[in-house]
Structures are given as C-alpha cells and as structure tokens.
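Peer 1: Have a look at this one before I ask anything.
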Amino acid sequence: MISMTSKAIKQVKTIMAEDQKEGITGLRVGIKGGGCSGLSYVLDFVKESRPDDKTFEFDGVKVFMDPKSAIYLKGTEIDFSDGLMGTGFNFINPNAQRTCGCGSSFGV
C-alpha cells in the first residue's frame, strides 16, 4: 500500500486539468534501474492500467503500479513540494536504505 498527501493529489489533478490529457485515466508510479543510488522513481500519466497492476485511488486519482515496483514502494508516501528549495513530487520511502542528494533515486 502507498499513500498520497493532499498536496500531491491536488497537484496531480491540476496537471491533468491543465494539460487536458485526452484519455488519461491515472498516474503510473514505479521504479526503474538507474540513478546514483541504484533505483529511480518513475511517474507518468497513462490511459489504462496493465493486467497485473495494483490499483489505488486517492480522492478520485487512480494510481497504477506494477508488482515489482510495489515491493520496493510498500509504505511509501508521495508528497508534493512547491517551496523555495524546489518544486516537485517527493517520495518518502521507508524501504530506502540510502538516497541520493536530489531525492530522485534510492537503494535498498
């Protein structure tokens, strides 16, 4: 299970409304190999889920995640920051044993 803060949910809804992404049904959250700590977070707007995806819904925002990513992201909270130190989505991942300085990659 993952969670999203109200700021993250609001930002996803804002992006989807502004871009008027035709046919987009949700947000894909996942991981891929790479980054300075070994694994990188992935966010992408998608039109449909895949057959083996785990699906979550937060205040009307559907989030899709493949089973492999779910192992590494279990318990993760997705937040959104728009402060002076930078703007973007942040992953608070209890499984990460090390992270890079930019916060976009992690290792387990």
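Just so you know, all these numbers are worked out from the coordinates, no wet-lab data involved. For clarity, every value in this text was computed on a predicted model and none was experimentally measured. Methodologically, a virtual Cβ is constructed for each residue, glycine included, from the backbone with ideal geometry; neighbour enumeration extends over all protein chains shown.
Peer 1: What FRET efficiency do you get for residue 59 and residue 87 if R0 is 22 Å and r is their Cβ-Cβ distance, rounded to the nearest 0.05?
Peer 2: Computed FRET efficiency for residue 59 and residue 87 comes out at 0.55.
Peer 1: Please give the contour-minus-distance gain from residue 47 to residue 10: 0.36 nm per residue of separation, less the Cα-Cα distance, rounded to one decimal in nm.
Peer 2: 11.4 nm
Peer 1: Now for a separate question. Using the 10 angstrom Cβ neighbour count as an exposure proxy, how do 59, 53 rank, fewest first?
Peer 2: With the sparsest Cβ surroundings first, the list reads 59, 53.
Peer 1: Counting other C-beta atoms within 10 Å, which of 16, 85 has the fewest, and how do the rest follow? List each step's numbers first, then the result.
Peer 2: On the way: 16 16, 85 5.
Result, fewest neighbours first: 85, 16.
Peer 1: Follow-up. With the dipole of the chain worked out from charges on the C-beta (+1 for Lys and Arg, -1 for Asp and Glu) around the Cα centre, which of 41, 27, 64 lies farthest toward the positive end?
Peer 2: Result: 41, furthest along the dipole toward the positive end.
Peer 1: Still on this model: Within the chain, count lysine pairs with alpha carbon atoms under 19 angstrom apart where the residues are 8 or more positions apart or belong to different chains.
Peer 2: Qualifying lysine pairs in the chain: 16.
Peer 1: Oh, and also: Listing 5, 76 from the residue with the fewest other Cβ atoms within 10 Å to the one with the most, what is the order?
Peer 2: 5, 76
Peer 1: Over the Cα atoms of the chain, each weighted equally, I'd like the Debye log10 I(q)/I(0) at q = 0.22, 0.23 Å⁻¹, rounded to two decimals.
Peer 2: -1.30, -1.39
Peer 1: Moving on to the next point. Among 70, 96, 17, whose mean-square fluctuation peaks in a Gaussian network model of the chain (Cα, cutoff 10 Å)?
Peer 2: Most flexible of the set in this elastic network: 17.
Peer 1: Right, something else. Among 55, 87, 25, whose mean-square fluctuation peaks in a Gaussian network model of the chain (Cα, cutoff 10 Å)?
Peer 2: In the Gaussian network model the winner is 87.
Peer 1: Also, quick follow-up: Quickly estimate the mean residue ellipticity at 222 nm for the chain, helices only: each DSSP H run with n ≥ 4 gives -39500 (n - 2.57), and the total goes over all residues, rounded to 500.
Peer 2: Helix contribution divided over all residues of the chain: -6000 deg cm²/dmol.
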